[in-house]
Every structure is written in C-alpha cells, then in structure tokens.
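All remarks here apply to the structure that follows.
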Amino acid sequence: MSVSDILIVIAIAVPTGFVLTAIGTLLEFSLRKKIPQPPAGEQIEEPSPAEAPSEPIPPSPAQVPAQAEAQVAPPPPRPSAAAPPSPQPAQPVPTPLPSAPKRMSWGLRKTRESFLGRIRAAITGKAKLDEIYEGLEEALIAADVGVEAGTKLVDAVRASVKNDSRPELIRDTLKSEIAAMLSTVERPPADPAGAPLVIMLVGVNGAGKTTTVAKLAAWLKAQRGSVIVAAADTFRAAAIEQLGVWCDRVGVDMIKQAQGSDPAAVAFDAVKAAVARKAGAVLIDTAGRLQTKVNLMEELKKIARVIGRELPGAPHETFLVLDATTGQNALSQAKIFGDAVPLTGVVLAKLDSTAKGGVVVAIADRLKLPVRFVGIGENLEDLRPFDATEFVDALFSSDEAGEARVASGSYAA
C-alpha cells in the first residue's frame, strides 16, 4: 500500500471514530436516565458470577412500582420486649335469664310486697288472738283473696294453731292452707292420643288474649311440635294482622279468612288443617267480648260445636283469659263465660303488673277452676305453667332480714 492510500484511510477513520464515540456517549447517557438509581447511601449487592442468571428477566410493569415502594418504605418498628401488650377490649358477658322460681318471684313482687307487709302488720304487735285473726282476714281481703276465701283460710289457721300466737307459726300455717286450697282444684291437662290438642281461648276485650295466644303457641311448639293458630277474631279491626305478626315471630302457621267472616268456619279450617298435617296443637283465638252480649256468647257455642264435629272431643281445653289487674271483677266474667262454654282452666295475664295476685286463690275457691298459666312479663317465655307450690313459695318469699324479723316477732308494716 502506498503512502497516499494510508493517508486516505486515516482521513476517513478519524472522523468516523469521533462520530461513533459521540453516538456511544449519547446512548450511555440515555440509558442511565431510564434506569432508577438507588437511594443515597444504599449499597447494591452485586450478584456473584455463580449466582448471576444467564439471562436477566425484566420486571413486569405491575411489579416495578411495587418494588420501588418496597425500597422506599421503611420497615415497621419492632415492639420492645419490655413493652406490655396492649389491653384487649372487654367482651360483654351475657346476663343469664333467672331460673323459673326466681322469675315467678320477680313476677309476684308487687303482690308479695303488699301481701307480706299487711300480713306482718296483722300478726305482730297484737296482744289478743282475736285482733291477730281479724287483721289477718283484712290483709287477705285487701290482697283480693276475697271475703269467702279469706274467711275460710283464717278459720283453718285458727283451728290449726289454736292459742299459739307466734308470728312465724301463723305465717307458715297460712302458707300451707293457701297451697292446699290451690291444689284441691288441680287436674292433669288434656292430652288427646294421636290427635292435635285443640285449645280455645275466650275472654273480654283487653284481657291480653292475643299476646297470650302467641306466648302459649311458643310454649306448645317446644312441647308438642308444630302449632296452628286460628284467627277466629274476625270482628275486631286489625286483629288478624296483629295475630299474624305474633305468629311470624313465634314461627307457627296461621289459618285466617277475611275480616267479618264466620269465626266458626275459620276454626273448622284450622282443625281440619291440623289433622291433615298431623300438627301437635291448635289454638283458637276468639273475639274479645263483653260477658253481657248474648249473641256473642252464642257465637262461642257455635265454634265449639263446629270443631267438635270435625274432631270428636274438641276443644279439649277452653281457657278463660283473665286480666289479673281487675282483681275480684274477673270472677263475674268467669261465671258468664262458664255458662256459655265449659271452661277447663284459667290463664291469668299481667300478674306482674298488679298487687292483686291473691285473686288466684279466689279463682280456686269460688270457680273451682285450675289456673293453667300465669303471665309474669312481656317476653314469650314469661307465660309460665302454673304450679301451686311454686306460686305460694314466691308469694311468701322474702329476704334474710325479713325472715329474721319474722323469727324475732319484730315485723314492720
């Protein structure tokens, strides 16, 4: 190669080298701007040649922000070993419902406070036995036990204790005599073998019949299985709707017709459906009525006749629902209803709302009817089967201080 050829090559190579160097510098500068730099002070550990992958896998677009955020966000602080654990919020402890005797005692609190106060005043601080028994009879009448029942009880106590005037003896004897009077009218409830138990409920307006039907339905559902309620109160406005709300709450079926329909037809349909479905019980809710309305009383007779033709022996029970707050006035209602349909028992509603619980004794003495259930509250479980011993124990129950005053004869009115 000649010298001129070498000069020509150099002349071409030198500018080309400068151009290539400039292009390389620009590419390197552009790539450095795109690659994120680590924060200041952070060292990047270079992988060893043995650990370095043969082909680097680029991160996906979704991973890049997450990785950047993980690099920037500081790690959460570790709790100190000496720091006490944070207190946990206290969990509410459910309050258990009282047992059956305690619930009965609570339901009779108004009657008990009035009754025991009068009894204490009557049997203490008196020098003569005649004064004691006179005050005892007045206390019983004031508790709505009634004149006839009160006189019988006082005579029985006098004959038992004779001339003994110890307050605790008189009190315990009176308790035993009341229990005996209640137990004499007790009878086993009806239990038709292989057939639905049919119960018809009657009573005056406002006695608490509709709510009693719902509570009784809940109790029977637990005892006998499925329950059907007959909305035979087709007279009162919104009575069917009100009963329907209760039935939905309890979870039982209801048979109904339009308002103004024949109540006997509704009761007939309910009994027929119960037989077909093999239900455990049927409750027939009748219209509230005044005991002086003869035509309405005749309607009750018709209901009893119609369901008796569909199911012989039905209704197996006919309960008179009485408002305990009416006291002795409830007895006149019972007589008229008893003339229309044969009553088999009494349901005493609203017993927790009155101090006239002594009417239970009057019902047993004058009507010769057992009290089947008592209402001692607004909850579904507050309709309780009546037990004479439980009732008397609750009626005479008192605190330890009161018992001490009984034994020492230092009662306060």
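The values are calculated or read from the model by the stated rules, or taken from the named source; none is laboratory data. This one's a predicted model, so the numbers in the text were calculated from it and none came from an experiment. Note that each Cβ is placed from the backbone with ideal geometry, even for glycine, and that neighbours are counted across all protein chains shown. Calculation scope for accessible area: heavy atoms of the full protein, side chains included, ligands and nucleic acids excluded. Shrake-Rupley method; radii C 1.70, N 1.55, O 1.52, S 1.80 Å.
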The FRET efficiency for Ala237 and Ala265, from their Cβ-Cβ distance with R0 = 30 Å and rounded to 0.05, is 0.95
In nm, the gap between the two label points placed 7 Å beyond Cα toward Cβ at Glu134 and Lys221 is 5.6
Of the accessible area of region 106-246, computed with a 1.4 Å probe and all protein chains kept, carbon and sulfur make up a percent value of 53
For 153-160, 320-327, ranked highest to lowest by mean beta-carbon neighbours within 10 Å, the order is 320-327, 153-160
Counting only residues 5 or more apart in sequence or on a different chain, those whose built amide H sits under 5 Å from that of Val229 are Asp253, Met254, Ile255, Leu283
Residue by residue through region 181-190, the couplings from Karplus 6.51 cos²θ - 1.76 cosθ + 1.60 with θ = phi - 60°, in Hz, x for Gly and Pro, are 5, 6, 6, 5, 9, 5, 8, x, x, 5
Toy charge model, Lys and Arg Cβ at +1, Asp and Glu Cβ at -1: region 125-247 dipole around Cα centroid in debye, rounded to 20, equals 480
Karplus ³J(HN,Hα) for region 328-344 (6.51 cos²θ - 1.76 cosθ + 1.60, θ = phi - 60°; Hz, whole; x = Gly/Pro) runs 5, 5, 5, 5, 5, 4, 4, 5, 5, 5, x, 6, 7, 9, x, 7, 10
Here the relative contact order (percent) of region 103-156, from C-alpha pairs under 8 Å and at least 6 apart, is 28
From most to least accessible, 1.4 Å probe, no ligand or DNA/RNA atoms counted, Glu310, Glu138, Glu381 line up as Glu138, Glu381, Glu310
Counting only protein heavy atoms and rolling a 1.4 Å probe, one gets per residue an accessible area for region 161-307 in Å² of 45
Among Lys272/Lys302; Lys209/Lys256; Lys221/Lys335, the pairs whose Cα-Cα distance exceeds 26 Å are Lys221/Lys335
Measure of exposure for Trp219: accessible area at 1.4 Å probe, Å² rounded to 10, is 80
Quick shape check on region 213-347: root eigenvalues a ≥ b ≥ c of the Cα gyration tensor, a/c under 1.5 is rounded, otherwise prolate if a/b tops b/c, else oblate, and it reads rounded
Output ordering of 161-168, 260-267 (per-residue mean of other Cβ within 10 Å, highest first) is 260-267, 161-168
